[in-house]
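Enquirer: Let me begin by handing over the structure; questions about it come next.
The values are calculated or read from the model by the stated rules, or taken from the named source; none is laboratory data. Owing to the predicted nature of the structure, the values given are computational and were not obtained by experimental measurement. With ideal geometry, Cβ positions are generated from the backbone for all residues, glycine too; neighbour counts draw on all protein chains shown. Side chains are part of the model used for accessible areas, which takes the heavy atoms of the whole protein and leaves out ligands, DNA and RNA. Shrake-Rupley method; radii C 1.70, N 1.55, O 1.52, S 1.80 Å.
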Amino acid sequence: LIFLIGAITAFLLLNLIKIMFIVVVHNLLHRKKDDECSLCVQIKEQSENLSTPLPYFEWLKRVMMASALTIGLTAGITLAANMVLGMSGYGSPIAVVVNLLFVAVIACIIGTWNIFTSYFVVLHGLNFQTASAAAVDLITKHARRVAEFVILISVIYSASVLVGNAFIQLWQFSLLGKSDLFASILFMLISMLWLTMNNALFNVAFFIFFDKTVKATP
């Protein structure tokens, strides 16, 4: 029960943080009048009338639906792929690699759909069904451009994770080696800062890509 409550709380908080992050990055990038989107209009109305808050609760419901569907689909496809591999007796190492690549590609596609759906919900005020369909439309109509961007940003992110992992190894080594406490804390803080910077870079890059591709029209 404690685990379930903790998981639900974490799920709520992470999706709320995602929405807040989108709003913050939006405020940094949408300063020109020609960039005006639904969120720009809502923020303008809020500044003129303080009694009109941003619809965080509505956004949260829609974004959580996308996240839950992403987790369910990714988990389901992963289990199905492993079952197929298991029934074939795992076969050669090539089969295992192909299975892993298949799951990774599907996870990337579903993850990209999740991110785009969240942007359509928060930036353009679409309901879940419309935002979901718009995200699918964006991925299919701009398949090559989206694929190139996702591959590029994934390679950069993976390389950054390897560097971050080196910092974590140094932190663990300093703990096991019983070196001074200052070195352990320093490597721990560097690891956390590196992880934060990587995730910020990854999400801002996705936001800019989406913003350049999808423009609001009156």
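Enquirer: What is the distance, in nm, between label points placed 7 Å from the Cα along the Cα-to-Cβ direction at Val84 and at Ile8?
Expert: With each label point 7 Å from Cα toward Cβ, the separation is 3.5 nm.
Enquirer: Would you mind checking the tilt of helix 93-124 against the longest principal axis of the Cα atoms of the chain, expressed as 0 to 90 degrees and rounded to 10?
Expert: Orientation of helix 93-124: about 20 degrees from the principal axis.
Enquirer: So, one more: In the full protein assembly as shown, how much of Ser38 is accessible to a 1.4 Å probe, in Å² to the nearest 10?
Expert: Roll a 1.4 Å probe over it and Ser38 shows about 40 Å².
Enquirer: Could you report the chain's accessible area per residue, 1.4 Å probe, as an integer in Å²? If you can, show how the numbers build up before the last one.
Expert: On the way: 13850 Å² over 218 residues.
Result: 64 Å² of accessible area for each residue.
Enquirer: For Cα extents along the principal axes in Å, which listed value, (1) 50, 32, 28; (2) 59, 52, 41; (3) 72, 36, 27, comes from the coordinates shown?
Expert: Of the listed options (1) 50, 32, 28; (2) 59, 52, 41; (3) 72, 36, 27, (2) comes from this structure.
Enquirer: Given only helices, namely DSSP H runs of n ≥ 4 each adding -39500 (n - 2.57), what is the per-residue ellipticity at 222 nm of the chain, to the nearest 500 deg cm²/dmol?
Expert: Numbers: 7 runs with 184 residues, N = 218.
Calculated at 222 nm, the ellipticity per residue is -30000 deg cm²/dmol.
Enquirer: Quick check: residue separation of Leu181 and Val163 times 0.36 nm, minus the Cα distance between them. What number comes out in nm?
Expert: Working: separation 18, 0.36 × 18 = 6.48 nm, distance 2.20 nm.
Result: 4.3 nm gained on full extension.
Enquirer: Dipole size in debye (nearest 20) for the chain around its Cα centre, Lys and Arg Cβ +1, Asp and Glu Cβ -1? Can you show the working numbers first?
Expert: Numbers: 13 positive and 10 negative charges, 38 e Å.
The calculation lands at about 180 debye.
Enquirer: Follow-up question, since we're still on this one. If you roll a 1.4 angstrom probe over the protein chains with everything in place, what fraction of the accessible area of the chain belongs to carbon and sulfur, to the nearest %? It would help to have the intermediate numbers written out before the result.
Expert: Numbers: 10410 of 13850 Å².
Taking all protein chains in place, the chain shows 75 percent carbon and sulfur surface.
Enquirer: State, to one decimal in nm, how far the label point of Glu48 lies from the label point of Leu29, with both points 7 Å from Cα in the Cβ direction.
Expert: A separation of 2.6 nm, rounded to one decimal place.
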